[in-house]
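To keep things clear, I will list the structure first and then write my remarks on it.
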Amino acid sequence: MAFDCNKARGVSLPNNHSSICTEGTIIQANPLSHYWKAKGWKSHDKLGNQKSSYGSIPRDSNTKKADEASGEATASTCGIRCFTDLPAALVCEVLARLDAKELGIVSCVSTLLHTLATDHQGWKKLYCERWGLPNLPATLNGPVVPGSPLDGKSWKTFFVEREFRSKSFMGKCNVDVLRGHNEDVRAVFLLASANLIFTGGRDSVVRMWNMEEGLLIDSSRPLGGTIRAIAADTRLLVTGGTNSYIQCWRAVDGNVHLFHISGNGTDQTSEFRLWGHEGPVTCLALDSLRIYSGSWDMTVRVWDRTHMECVQKLMHADWVWDLAPHGNTIASTAGRDAYVWDIRNSELTSLISNAHVGNTYSLARTHLANVLFTGGEDGAIRLFNVSDVSDDDEDSKPVATWVPHSGPVHSLAFEYPWLVSASSDGRIALIDSRKLLTPKKSSKGPFSVKSFDASAIEPPQRMLHGVGCDLFSIAIGADRIVCAGEDGAVRVWNFSEALEIERRAQALRSLRQENRMRRRKAQAEMNANGRRPDQCSITMKKNQLKGDKSVT
């Protein structure tokens, strides 16, 4: 049931039942009259002389008798028995202000509230705040059902599955090594929705790999120059490097792997180039409408995807190293500084000066708040709150700083809640951002950065070792971390085994909980019948052992 607060309306039914009605659906629930005495309506005193549409609500009384009398008067006068008797629009508004944990608690109260909390559109908001819209099955003309869940799943199911999967990065992992490049690899990109990995480097060849099997699918012809940046979605693949142009491939209709980058036997119009930069292209990004590119010519260019032409050019004071778009803004790093631009009017909204000692090589953004993660030549990773920064600040102080690396941080990638970094010291750092961000229920932004002592910042939750070479690029998605460096090998850290172990452990916990509930129920029945409770306990323990053996 899709809970629509525009079409839903509260309806009072006879026989002391309450209901929330949506289009074509009526759900009834028994009243909880003893919860709705006058003492539960203290907040209505603030409304002054305003009256409910159901009638007047009596004020509190200091004695128990008066309290019960007023409660009965309230029930008889206004007819409100439980929370779900409120107008549907108000119920929808209350549920929309709850976080994921609170919605889960509400769903455990009753069958009706379970249905309302499970199907509530607040889950879509919670999901998009963390991970953006899910990747939908797509054609060359775009998503099949934009903004809708897949396979009949609810937004709550999407949220719970994604949150569960994010826990796998602290578990057991396997490392797969993909070999095919002859020289160092400078760029990797993980398109998890299509199970594809794209890589490129000094050998000027772009390679496409199967994420699950680790097999090489296709390779481009040598493009000339070092490939330094790759970006892709299900409709377009773009690469850039020292040859100063952007190489593009459109997805081929009917191709299982979306792109045919070798160009043999396909329509030549699916491959084209964008010219405009006057120096090496160092970073690329895509959204549904635009292509973003940064270069050592000290510019970030915004390209229209419909007409494939440059529509904006943002000037910087130094070489551009990295960029990250989000909504109507784009963040970029050039030299030691980090910039935030409003692409609607090409204005600089925030400037973080001297973000690092040395160049600011890498950048990452989140869906949660107006914050930036930066990595620099000094081996540090810093978190900045952009909302507290203006374009005239000389030196902006970071909210948090980590120094997990002994060499420059060349690449950052973020998927809630994990920030991952790749450095020239050959190590990968994993930082959990959940403790850094807190919900904001009363202000405009959904989340804000917590204020805390800098000395209380926790170190990275995990470090991945064993690479033994400089790492230049990293990507994270699904249950994989992909990195590559100077040895030409592409390493895929696979955490799917940890996910399966956690699923089995969760199933075992559920079984044990179910057995405990059965024992308590049987013991209560024994007590009601006057039998000895210890006999019930012995019987249930035997049944539990039989049940565990059968499951095993």
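The values are calculated or read from the model by the stated rules, or taken from the named source; none is laboratory data. As the structure is a prediction and not an experimental result, all values here were calculated from the model. Note that we place each Cβ from the backbone using ideal geometry, even for glycine, and neighbour counts take in every protein chain shown. The area values use the complete protein model at the heavy-atom level, side chains included, leaving out ligands, DNA and RNA. Shrake-Rupley method; radii C 1.70, N 1.55, O 1.52, S 1.80 Å.
Observations, loosely collected:
- Any hit, segment 227-239, residues being at pLDDT 95 or above and either touching a Pro at 6+ places or on another chain (Cβ under 6 Å) or aromatic (Phe, Trp, Tyr) (or both): no
- Cβ-Cβ contacts under 8 Å between residues 6 or more apart (or on different chains), taken from a first residue in segment 516-528 that is free of Cβ contacts under 8 Å to residues at least 40 places away in the same chain to a second residue that is open to solvent by 100 Å² or more (accessible area, probe 1.4 Å) and part of a helix (DSSP H, G or I), are listed as Arg519/Lys541.
For (1) in contact with an Asp or Glu (Cβ under 7 Å, 6 or more places away or on another chain); (2) part of a loop (DSSP other than H, G, I, E, B); (3) buried (at least 17 other Cβ atoms within 10 Å of the Cβ), each residue gets a yes or a no:
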position	(1), (2), (3)
Gly214	yes, yes, no
Gly224	no, yes, no
Arg228	no, no, yes
Thr239	no, no, yes
Asn243	no, yes, yes
Gln247	no, no, yes
Ser262	yes, yes, no
Glu278	yes, yes, no
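- Whichever residue in segment 333-350 is in a strand (DSSP E or B) and β-branched (Val, Ile, Thr) and, among such residues, is farthest from Met298 (Cα to Cα): Thr349
- Among the conditions (1) more than 27 Å from Ser219 (Cα to Cα); (2) part of a loop (DSSP other than H, G, I, E, B), Ile330 misses just one, which is (2).
- So Val160, is it modelled with pLDDT of 80 or more, assigned to a strand (DSSP E or B) and among the aliphatic types (A, V, I, L, M): no
- Among the residues of segment 200-233, those identified as within 24 Å of the chain's Cα centre (by Cα), over 18 Å from Val252 (Cα atoms) and in contact (Cβ under 8 Å) with a residue 40 or more places away in the chain are Met211, Ala229, Ile230.
- Out of Val175, Val145, one residue alone is at pLDDT 90 or above, outside any helix (DSSP H, G or I) and over 15 Å from the mean Cα position of the chain (by Cα). It is Val175.
- Scanning segment 291-305 for residues that are within 31 Å of the chain's Cα centre (by Cα) and surrounded by fewer than 19 Cβ atoms within 10 Å (Cβ to Cβ) gives Asp304, Arg305.
- Qualifying residue in segment 104-120 (condition: closer than 22 Å to Leu436 by Cα and either surrounded by 14 or more Cβ atoms within 10 Å (Cβ to Cβ) or in contact with a strand residue (DSSP E or B) (Cβ under 7 Å, 6 or more places away or on another chain) (or both)): no
- Condition check for Met308: surrounded by fewer than 18 Cβ atoms within 10 Å (Cβ to Cβ) and either within 30 Å of Gly407 (Cα to Cα) or free of Cβ contacts under 8 Å to residues at least 12 places away in the same chain (or both): no
- Residues located in segment 90-99, provided they are within 14 Å of Lys156 (Cβ to Cβ) and crowded, with 18+ Cβ neighbours inside 10 Å: Leu95, Leu98
Residues are listed down the side, and each one gets a yes or a no for (1) in contact with a His (Cβ under 7 Å, 6 or more places away or on another chain); (2) charged (D, E, K, R); (3) farther than 30 Å from Arg179 by Cα:
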site	(1), (2), (3)
Val482	no, no, no
Gly488	yes, no, no
Gln506	no, no, yes
Asn515	no, no, yes
Arg518	no, yes, yes
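- Residues that are under 25 Å from the mean Cα position of the chain (by Cα), modelled with pLDDT of 95 or more and open to solvent by 10 Å² or more (accessible area, probe 1.4 Å) occur at least once in segment 344-361.
- Output for segment 298-327, where each listed residue is in a strand (DSSP E or B) and either among the polar types (S, T, N, Q) or not assigned by the TED database to the domain that holds Ser387 (or both): Thr299, Gln312
- Taken over segment 311-343, the residue count meeting the criterion of being on the phi > 0 side of the Ramachandran plot and open to solvent by 30 Å² or more (accessible area, probe 1.4 Å) is 1.
- Some residue of segment 366-377 being open to solvent by less than 40 Å² (accessible area, probe 1.4 Å), assigned to a loop (DSSP other than H, G, I, E, B) and either outside the structural domain of Thr282 (by the TED database) or without any contact (Cβ under 8 Å) to a residue 60 or more places away in the chain (or both): no
- Evaluation of Phe414 against the conditions (1) open to solvent by 20 Å² or more (accessible area, probe 1.4 Å); (2) closer than 18 Å to Val188 by Cβ; (3) modelled with pLDDT under 90; (4) within 18 Å of the chain's Cα centre (by Cα) shows that the sole unmet condition is (3).
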